[in-house]
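Trainee: Here it is, the structure in full.
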Amino acid sequence: MAILLAVETSCDETAVAVLEGFGNLLGSAIWSQAEIHSEYGGVVPEVASRNHVAALPGLVRSVLRQGALSLDEVDAIAATTGPGLPAALLVGAAAAKGMALGAGKPFLAINHMEGHLLSPFFGEPRVEPHVGLVVSGGHTMLVDVGGFGDYRVLGSTLDDAAGEAFDKVAKLMGLGYPGGVEIDRLARDGNRTAIDFPRSMLHSGDYKFSFSGLKTAVRYLLEKESPRIEDVCASFQEAVIDVLIEKAMRAVREMGRDVLAVSGGVSSNSRLQELACKRCAREGVRVRFAAPQLRTDNAAMIAYVAAHRFAAGRMSPLDTDVQPAFAAASF
């Protein structure tokens, strides 16, 4: 089976992984900059890219040691080339291309969102047909998946992604970064019906999302009143997840699928998991989540997509550019 080394530097995590076949993870390392960027209340692109440059060489050496491998024993080298922060993407892509050129190995350019999308199937040589709900800090989308490489984006966010909305609302309330974890924790002691926040585009008739209006509603509330923070967290969280689940289940029905796969950092939210499992059980749909270590940005999911591309003979030229902006056609 092929051995692939993958690099992920799309945002503020520097990650490297070595994968044999589709599921034998020989080595993996992630260095998070969350603590550094928490001082700023969000990711600072220039700071992130400088830290990627400093961290990447050591992580590559560490992961190769974990797998008792040399670079010559790797069959191909992959890197995330988009979407993400331009300067951050360039660091990982340039490093991977340099290693591929120096070792005489093929290079594979991997879409970060494809990594999230397929992460619930990590370890499996076949990606079964399903509807994928990807909910992360930078993106929220529904995708109809016929199998590996067969994707149709049904809809995505028009403004803030779900994870971005969590972080911005957490900042409004003076909570830490990243904010999703804090809101989820506080919401457990809150009343989900205390505040009737809007469910934007819930009945829009399409699969698009919008969370900026909800964020604004929280800001207006906090400016005019002094509500119990736990109630704000619970009510806000419920409004976001109601929309995610309703649209995802409608997509499953209308696409004729019987599997819903949920991925991305927000898929760790306890209320999202609870409601997804309940609705899927009620409607006879199987639900799959990525393993906890594969939900936030990581290189293992990039290596998994690369393994499928390598098996299909879909290599990338070394002059492949990074694509910071997401485009459905880039899948």
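Bear in mind these aren't lab numbers, they're just calculated from the coordinates by the rules spelled out. On a predicted model such as this, the values are computed, not experimentally measured, just so you know. Backbone-built Cβ (ideal geometry, glycine too); neighbour counts: all protein chains shown.
Trainee: Does Arg126 meet the test of being of a type in the set (D, E, K, R) and either free of Cβ contacts under 8 Å to residues at least 40 places away in the same chain or out of contact with any Ser or Thr (no Cβ under 8 Å at 6 or more places or on another chain) (or both)? Break it down into steps so the answer makes sense when it comes.
Mentor: Numbers: of a type in the set (D, E, K, R): yes; either free of Cβ contacts under 8 Å to residues at least 40 places away in the same chain or out of contact with any Ser or Thr (no Cβ under 8 Å at 6 or more places or on another chain) (or both): yes.
For Arg126, the condition - of a type in the set (D, E, K, R) and either free of Cβ contacts under 8 Å to residues at least 40 places away in the same chain or out of contact with any Ser or Thr (no Cβ under 8 Å at 6 or more places or on another chain) (or both) - is met.
Every residue, every condition in (1) in contact with a Phe, Trp or Tyr (Cβ under 8 Å, 6 or more places away or on another chain); (2) of a type outside the set (A, V, I, L, M, F, W, C); (3) under 20 Å from Phe22 (Cβ atoms), yes or no:
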site: Leu260; (1), (2), (3): no, no, no
site: Gly265; (1), (2), (3): no, yes, no
site: Ser268; (1), (2), (3): no, yes, no
site: Arg288; (1), (2), (3): yes, yes, yes
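Trainee: Can you tell which of His139, His130, His116 is crowded, with 19+ Cβ neighbours inside 10 Å and in contact with a Lys or Arg (Cβ under 7 Å, 6 or more places away or on another chain)? Let's see the steps before the verdict.
Mentor: Values: His139 fails: in contact with a Lys or Arg (Cβ under 7 Å, 6 or more places away or on another chain); His116 fails: in contact with a Lys or Arg (Cβ under 7 Å, 6 or more places away or on another chain).
When all the criteria are applied, what remains is His130.
Trainee: Something else: Based on what the data block shows, is Ala234 in contact with a Pro (Cβ under 8 Å, 6 or more places away or on another chain), in a helix (DSSP H, G or I) and without any contact (Cβ under 8 Å) to a residue 60 or more places away in the chain?
Mentor: On the way: in contact with a Pro (Cβ under 8 Å, 6 or more places away or on another chain): no; in a helix (DSSP H, G or I): yes; without any contact (Cβ under 8 Å) to a residue 60 or more places away in the chain: yes.
The answer is no for Ala234.
Trainee: Something else about it: When you go through (1) more than 30 Å from Asn24 (Cα to Cα); (2) under 20 Å from the mean Cα position of the chain (by Cα); (3) surrounded by fewer than 16 Cβ atoms within 10 Å (Cβ to Cβ) one by one for Ser226, which number turns out not to apply?
Mentor: Among (1) more than 30 Å from Asn24 (Cα to Cα); (2) under 20 Å from the mean Cα position of the chain (by Cα); (3) surrounded by fewer than 16 Cβ atoms within 10 Å (Cβ to Cβ), Ser226 violates only (2).
Trainee: Tell me whether segment 204-212 contains one or more residues that are on the phi < 0 side of the Ramachandran plot, in contact (Cβ under 8 Å) with a residue 60 or more places away in the chain and either out of contact with any strand residue (DSSP E or B) (no Cβ under 9 Å at 6 or more places or on another chain) or not hydroxyl-bearing (Ser, Thr, Tyr) (or both). Outline the logic, then answer.
Mentor: Here is the first cut: in segment 204-212, the residues on the phi < 0 side of the Ramachandran plot are 204, 206-212.
Next cut, in contact (Cβ under 8 Å) with a residue 60 or more places away in the chain only: 207, 209, 211.
Of the ones still in play, those that are also either out of contact with any strand residue (DSSP E or B) (no Cβ under 9 Å at 6 or more places or on another chain) or not hydroxyl-bearing (Ser, Thr, Tyr) (or both) are 209, 211.
Yes, some residue in segment 204-212 is on the phi < 0 side of the Ramachandran plot, in contact (Cβ under 8 Å) with a residue 60 or more places away in the chain and either out of contact with any strand residue (DSSP E or B) (no Cβ under 9 Å at 6 or more places or on another chain) or not hydroxyl-bearing (Ser, Thr, Tyr) (or both).
Trainee: Looking at segment 160-170, can you tell me whether even one residue there is farther than 20 Å from Val252 by Cα, of a type in the set (Asp, Glu) and not in a loop (DSSP other than H, G, I, E, B)?
Mentor: Yes; the residues of segment 160-170 include at least one that is farther than 20 Å from Val252 by Cα, of a type in the set (Asp, Glu) and not in a loop (DSSP other than H, G, I, E, B).
Trainee: In contact with a helix residue (DSSP H, G or I) (Cβ under 8 Å, 6 or more places away or on another chain), more than 27 Å from Ile3 (Cα to Cα) and either crowded, with 21+ Cβ neighbours inside 10 Å or aromatic (Phe, Trp, Tyr) (or both): does that describe Val44? Don't jump to the end; show me each part of the working.
Mentor: Working: in contact with a helix residue (DSSP H, G or I) (Cβ under 8 Å, 6 or more places away or on another chain): yes; more than 27 Å from Ile3 (Cα to Cα): yes; either crowded, with 21+ Cβ neighbours inside 10 Å or aromatic (Phe, Trp, Tyr) (or both): no.
Criteria not met by Val44.
Trainee: I've got another one for you. When you scan segment 287-331, how many residues do you find that are surrounded by fewer than 16 Cβ atoms within 10 Å (Cβ to Cβ), closer than 21 Å to Leu142 by Cβ and either of a type outside the set (Ser, Thr, Tyr) or touching an Asp or Glu at 6+ places or on another chain (Cβ under 7 Å) (or both)?
Mentor: Summing the residues that are surrounded by fewer than 16 Cβ atoms within 10 Å (Cβ to Cβ), closer than 21 Å to Leu142 by Cβ and either of a type outside the set (Ser, Thr, Tyr) or touching an Asp or Glu at 6+ places or on another chain (Cβ under 7 Å) (or both) in segment 287-331 gives 4.
Trainee: Same structure, new question: Starting from residues that are among the aromatic types (Phe, Trp, Tyr) and not in a loop (DSSP other than H, G, I, E, B), keep the ones in segment 174-230 and report whichever is nearest to Met249 (Cα to Cα). Can you show your working first?
Mentor: Just the residues of segment 174-230 that are among the aromatic types (Phe, Trp, Tyr), to begin with: 177, 197, 207, 209, 211, 220.
When the remaining residues are screened for being not in a loop (DSSP other than H, G, I, E, B), the result is 209, 220.
Details: Phe209: 14, Tyr220: 31 Å.
Only one residue tops the list, namely Phe209.
Trainee: Output the number of the condition that Ala68 fails; it satisfies all remaining conditions of (1) more than 17 Å from Ser10 (Cβ to Cβ); (2) small (Gly, Ala, Ser); (3) not in a loop (DSSP other than H, G, I, E, B).
Mentor: Every listed condition holds for Ala68 apart from (3).
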